[in-house]
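A.B. asks: I have a structure I would like to understand better, so I am pasting it below and will then ask my questions one at a time.
The values are calculated or read from the model by the stated rules, or taken from the named source; none is laboratory data. Here the structure is a predicted model, which is why all the values come from computation and not from measurement. For neighbour counting, all protein chains shown are included, and Cβ atoms are generated from backbone atoms with ideal geometry for every residue, glycine included. Protein only, heavy atoms only, side chains kept; ligands, DNA and RNA dropped before computing areas. Shrake-Rupley method; radii C 1.70, N 1.55, O 1.52, S 1.80 Å.
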2 protein chains.
Amino acid sequence: MPRSCSPASVLTGLVLALACACGGDPVPERAAAPAEWALAVHGGAGLVRGEIPAEHERALIGSLERALRLGAGMLDQGASSLDAVEAVVRDLEDDPLFNAGRGAVFNARGENELDASIMDGATRACGAVAGVRTVRHPVTLARRVMERTPHVLVAGAGADRLALELGAETVDPAWFFTERRWQALERARAHGREGGGTVGAVARDRRGNLAAATSTGGTTGKLPGRVGDSPIVGAGTWADNTTCAVSGTGRGEEFLRHGVARSIAAWIEHRGVAVDEAAARVVRDVLQPGDGGVIAVDRDGRIAMAFNTDGMIRGAADSGGRFEVAIWE
Amino acid sequence: MPRSCSPASVLTGLVLALACACGGDPVPERAAAPAEWALAVHGGAGLVRGEIPAEHERALIGSLERALRLGAGMLDQGASSLDAVEAVVRDLEDDPLFNAGRGAVFNARGENELDASIMDGATRACGAVAGVRTVRHPVTLARRVMERTPHVLVAGAGADRLALELGAETVDPAWFFTERRWQALERARAHGREGGGTVGAVARDRRGNLAAATSTGGTTGKLPGRVGDSPIVGAGTWADNTTCAVSGTGRGEEFLRHGVARSIAAWIEHRGVAVDEAAARVVRDVLQPGDGGVIAVDRDGRIAMAFNTDGMIRGAADSGGRFEVAIWE
């Protein structure tokens, strides 16, 4: 089950109670009034406490704060939730610290294959790409699949070709090479898997529309062609104005076989529970300890962050002045 | 909304009331007692009444009857639901009348790209492949992904390579060429899309375990790399012993963005409704007329078949002696 929430790493001197979704006794929301806008961001749930140098931890916090500030500024200025989650994920895709875009992990053949999705809660329109190798911002290609094709999900070489047709920026596969991820592959080949680093964002904008986006390089040493939960609507991503927007991170196969994101929405749809209870029920009762976590936001701008790992790199901001980033439970 | 159910095409002189899921006034089940085993099969929901020659209609009915008899015989002999749905779908994958395996439609580049998935309701284990071009039985490769890899979904060239490693039968891409589907591509290029022909099966075995499988060639003229709902757990396929097993057919993008199969299961999980009501609510209230249909079976062996198209090629059999195949409403 998810650990209780006492944020250990808090940025810029602020000590704020994170509104985590943590099992039977959820932490009460700070404000009962709906937020005009709200944004949550994650950067993966695979870190293990004590295994990460303090300097790297500070860098992760700094990057997530930058992305959170970018999205919060957009939402505050009236941007749509769809534009905000895309911008936040694009920012993190260019950051080599995260397993998405630049910084993506390597598969068993030493290649990078990237997955991403985006969903518009107002219409349930969605787009996704899987296994792209030459697209700088997979989340933007996902959005173009949503807006400019009759399809939802395009995979593999066809998706790379589609990027050219749709004008999504392409790069040489070498763009994605980072020494740290290459070493991770070498270590994984010797010892097992390295977790984490998927990025995602969920938002509620001033018009009350929800959106979610997720982007990942998948798992180190994965079989070529393996698709995880991140590009699968209902598994790693979901957005529906009547329930909530969700982005997940963790063991993708578990998120896929339990339909995690859609299952959280179903708790709200059918039982009318609060978003933090919905997230906690699925992360605690359906997933297993160590599987990962989710961020979610509901139509009133309430944010939930639930995880059953040591930590989840996460941030939350809203129109009420909340702005916080943390890693550990 | 789904049309009311009065089977017009009934095989071998049998006139049986189909237990369809049809909105607010479901047809009562014939038997209140749980069936020891039950099987439902579909062969697509894209046909339009009056546009299909009688001879072709008879051939479709005959093929579906053959597949239904195969699976029913296995279940009657005590086979697992997982083995039965795989065998039924394999049978239909080799049948050029259906848009799966041999007989698959062509994409916009004149290629066949095949998708399939399978799910075990006892464990929620699942496997899927997307965009394979050289695999005779995509559903069997999906099962091997489930049983012999740590992954759930493998797409594109990586999946074709994996077939060699896992010993799934491969064929020259020319195996999938059928003149009828080639002509369909030519017509689609001129006039629009041809619908239908995805195949699927859901079963409850004598031990009470549920399973589902779906296989397709996708949509005629699709963009290369397009992945529909069939290989996506939660969209086109779902199986969970606590709720139901589902296989869908129709406009894949709509099934994806509404998470159709998982949504049906959620109605049972959260509201405790019968499987026919759950299927009807999603097909009628969430999907739009013309989108397609589903077959489903619950833990008591009750079968639901709901569609909002002119027809759905479908069959149902159970341990109580039911054995029926039909196309139109």
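A.B. asks: In segment A:178-189, is there at least one residue being open to solvent by 30 Å² or more (accessible area, probe 1.4 Å), at pLDDT 95 or above and over 18 Å from B:ALA235 (Cβ atoms)? Show your work before the answer.
C.D. replies: Kept after step one, since they are open to solvent by 30 Å² or more (accessible area, probe 1.4 Å), are these residues of segment A:178-189: A:179-180, A:182-183, A:186-187, A:189.
Those still in the list that are at pLDDT 95 or above too: none.
For segment A:178-189, residues open to solvent by 30 Å² or more (accessible area, probe 1.4 Å), at pLDDT 95 or above and over 18 Å from B:ALA235 (Cβ atoms): absent.
A.B. asks: Let me ask you something else. Kindly provide the set of residues from segment A:195-212 that are under 24 Å from A:ARG180 (Cβ atoms) and either open to solvent by less than 10 Å² (accessible area, probe 1.4 Å) or more than 14 Å from every other protein chain (Cβ to nearest Cβ) (or both), ordered by number.
C.D. replies: Going through segment A:195-212, the residues under 24 Å from A:ARG180 (Cβ atoms) turn out to be A:195-201.
If the condition is that a residue be under 24 Å from A:ARG180 (Cβ atoms) and either open to solvent by less than 10 Å² (accessible area, probe 1.4 Å) or more than 14 Å from every other protein chain (Cβ to nearest Cβ) (or both), then A:GLY196, A:GLY197, A:THR198, A:VAL199, A:GLY200, A:ALA201 are the ones that fit.
A.B. asks: Quick check, is A:ARG143 open to solvent by 30 Å² or more (accessible area, probe 1.4 Å), touching a Phe, Trp or Tyr at 6+ places or on another chain (Cβ under 9 Å) and modelled with pLDDT of 95 or more?
C.D. replies: Against the criterion (open to solvent by 30 Å² or more (accessible area, probe 1.4 Å), touching a Phe, Trp or Tyr at 6+ places or on another chain (Cβ under 9 Å) and modelled with pLDDT of 95 or more), A:ARG143 does not qualify.
A.B. asks: Filter segment B:213-237 for residues that are facing another protein chain (nearest Cβ under 8 Å) and aliphatic (A, V, I, L, M); which is surrounded by the most Cβ atoms within 10 Å (Cβ to Cβ)?
C.D. replies: B:ILE232
A.B. asks: Which of the residues belonging to segment B:88-129 are part of a helix (DSSP H, G or I), of a type outside the set (A, V, I, L, M) and more than 23 Å from A:ALA155 (Cβ to Cβ)? Break it down into steps so the answer makes sense when it comes.
C.D. replies: Taking segment B:88-129 first, the residues part of a helix (DSSP H, G or I) are B:88-93.
With of a type outside the set (A, V, I, L, M) added as a condition, the list becomes B:90-91, B:93.
Selection gives B:ARG90, B:ASP91.
A.B. asks: Among A:VAL105, A:VAL89, which is the only one that is touching a His at 6+ places or on another chain (Cβ under 9 Å) and closer than 27 Å to A:ALA261 by Cα? Can you show your working first?
C.D. replies: Working: A:VAL105 fails: touching a His at 6+ places or on another chain (Cβ under 9 Å).
The unique qualifying residue is A:VAL89.
A.B. asks: Additional query: Just to be sure I understand, how many residues within segment A:129-170 are basic (Lys, Arg) and in contact (Cβ under 8 Å) with a residue 24 or more places away in the chain? Steps first, answer last, please.
C.D. replies: Residues of segment A:129-170 basic (Lys, Arg): A:133, A:136, A:143-144, A:148, A:161.
When the remaining residues are screened for being in contact (Cβ under 8 Å) with a residue 24 or more places away in the chain, the result is A:133, A:136, A:143-144.
Counting residues in segment A:129-170 that are basic (Lys, Arg) and in contact (Cβ under 8 Å) with a residue 24 or more places away in the chain gives 4.
A.B. asks: Shifting gears a bit: Looking at (1) within 13 Å of chain B (Cβ to nearest Cβ); (2) of a type outside the set (A, V, I, L, M, F, W, C); (3) under 21 Å from A:VAL199 (Cα atoms), which one does A:THR149 not meet, given that it meets all the others?
C.D. replies: Every condition holds for A:THR149 apart from (3).
A.B. asks: Could I ask something else about it? Checking the conditions here, which among B:ALA79, B:ALA84 is in a helix (DSSP H, G or I), of a type in the set (A, V, I, L, M, F, W, C) and under 19 Å from B:THR140 (Cβ atoms)? So that I can check it myself, show each step before the final result.
C.D. replies: Working: B:ALA79 fails: in a helix (DSSP H, G or I).
After applying the criteria, what remains is B:ALA84.
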